[in-house]
Amino acid sequence: MNRLINIGTGSGLPQKGKGGPSHLVEVEDNVLLLDCGEGSAGYLRALNRLLSVDWIILTHLHSDHISGLMMFIQSSLLEHRDRLLDIFLPVEGIEPFKIFLNSVYLNQKDLEQESLFIHLKPLTTGIVIETDNMIVHAWSSDHFAHDRLIGRSQRSAYGITIESGNRRLIYTGDISTVGCFVDELRQNCTLLCEAMHIEWDEVNQVVRKRGSKQVIFTHVDPSRSDELKRFCKNKPDLFAATDGMEFLW
Ligand SMILES: [Zn+2]
Ligand SMILES: [Zn+2]
């Protein structure tokens with residue numbers, strides 16, 4: 001079985017004792033980090049998994065989803081990571097990220113002198129990673145649909161699907177409607193779904209129709225987290241995630 005560990009289940013509002021959005025996915029010896037919110041490097045260090053991450057995918061550039069990245073890189077340097085780390089992110093972030101890394105003294109040349117190789121790669125729809133054990137693909141999320149309407153067309157957001165044999169994990173990232181992920185659903189799949197911008201019951205209805213195995217809600221507004229727990233109560237295939245929760249998928 002493949003593993004999912006919720007590293008950070010917080011929302012856009014920082015909360016004491018709760019990390020920003022970040023999820024660790026393990027498929028055999030492939031280790032993938034989905035989003036890298038505040039506090040994720042510390043949590044991964046505590047789990048002794050910081051150095052085992054092979055790839056990071058940043059679904060979009062809202063700061064709650066990326067704010068742990070600098071500390072991830074700095075910790076990797078201090079912990080003497082000596083192999084490649086691929087970081088996939090929306091293309092509009094690549095040049096600004098390079099400049100920002102330089103400004104916090106994590107420039108590429110210095111890192112490579114320490115044998116830490118960081119590759120920033122554009123995230124686009126289609127296959128992102130393919131190994132013997134898994135295929136990871138990205139799909140367009142409608143998180144910025146409203147921004148596109150008002151002319152902020154350069155913003156992009158993606159959802160991520162990981163397939164391993166006949167198993168499938170779908171991570172919505174941030175979305176606006178269930179319509180953007182419904183085609184990704186399969187029988188027995190696991191859905192890791194943000195709970196801030198959508199109707200929970202609409203998600204519940206749609207996954208039931210598709211015969212999904214389980215829904216893990218994350219990224220809930222702090223003022224509604226008790227409400228989400230109540231919503232999931234007595235529904236054995238719905239979960240309100242908290243930091244450190246683990247699931248097999
Ligand atoms: Zn968010
Ligand atoms: Zn967002």
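The values are calculated or read from the model by the stated rules, or taken from the named source; none is laboratory data. Every value quoted in this text rests on a predicted model; they were computed, and no experiment measured them. Using ideal geometry, Cβ is built from the backbone for each residue, glycine included, and neighbour counts are taken over all protein chains shown.
One table, with the values for the structure above:
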{"read-out": "Residue match in the stretch 143-165 (condition: touching a helix residue (DSSP H, G or I) at 6+ places or on another chain (Cβ under 6 Å) and more than 14 Å from ligand 2 (Cβ to nearest atom))", "value": "yes"}
{"read-out": "Scan of the stretch 178-215 for residues that are in contact with an Asp or Glu (Cβ under 6 Å, 6 or more places away or on another chain) and assigned to a loop (DSSP other than H, G, I, E, B), ordered by number", "value": "196"}
{"read-out": "Residue satisfying all of: in the stretch 157-178; over 15 Å from the mean Cα position of the chain (by Cα) and among the small types (Gly, Ala, Ser); nearest to residue 198 (Cα to Cα) among these", "value": "176"}
{"read-out": "Single residue of 242, 218 found to be over 24 Å from residue 144 (Cα atoms) and hydroxyl-bearing (Ser, Thr, Tyr)", "value": "242"}
{"read-out": "Test: residue in the stretch 71-93 that is within 16 Å of ligand 1 (Cβ to nearest atom) and part of a helix (DSSP H, G or I)", "value": "yes"}
{"read-out": "Boolean, residue 66 is surrounded by 20 or more Cβ atoms within 10 Å (Cβ to Cβ), touching a Cys at 6+ places or on another chain (Cβ under 8 Å), modelled with pLDDT of 95 or more and farther than 14 Å from residue 162 by Cβ", "value": "yes"}
{"read-out": "Extreme residue, farthest from ligand 1 (Cβ to nearest atom), among residues of the stretch 50-62 that are β-branched (Val, Ile, Thr) and in contact with a helix residue (DSSP H, G or I) (Cβ under 9 Å, 6 or more places away or on another chain)", "value": "53"}
{"read-out": "Subset tally (residues that are of a type in the set (A, V, I, L, M, F, W, C), under 24 Å from residue 155 (Cα atoms) and part of a loop (DSSP other than H, G, I, E, B)) for the stretch 50-70", "value": "2"}
{"read-out": "Residue list for the stretch 21-49, filter: under 22 Å from residue 161 (Cβ atoms), part of a loop (DSSP other than H, G, I, E, B) and within 13 Å of ligand 1 (Cβ to nearest atom)", "value": "21, 35, 36, 37"}
{"read-out": "Number of positions in the stretch 215-231 that are surrounded by fewer than 20 Cβ atoms within 10 Å (Cβ to Cβ) and either over 20 Å from residue 19 (Cβ atoms) or in contact (Cβ under 8 Å) with a residue 40 or more places away in the chain (or both)", "value": "5"}
{"read-out": "Boolean, residue 56 is touching a His at 6+ places or on another chain (Cβ under 6 Å), within 30 Å of residue 177 (Cβ to Cβ), at pLDDT 95 or above and more than 16 Å from ligand 2 (Cβ to nearest atom)", "value": "no"}
{"read-out": "Qualifying residue in the stretch 158-167 (condition: in a loop (DSSP other than H, G, I, E, B) and in contact (Cβ under 8 Å) with a residue 24 or more places away in the chain)", "value": "no"}
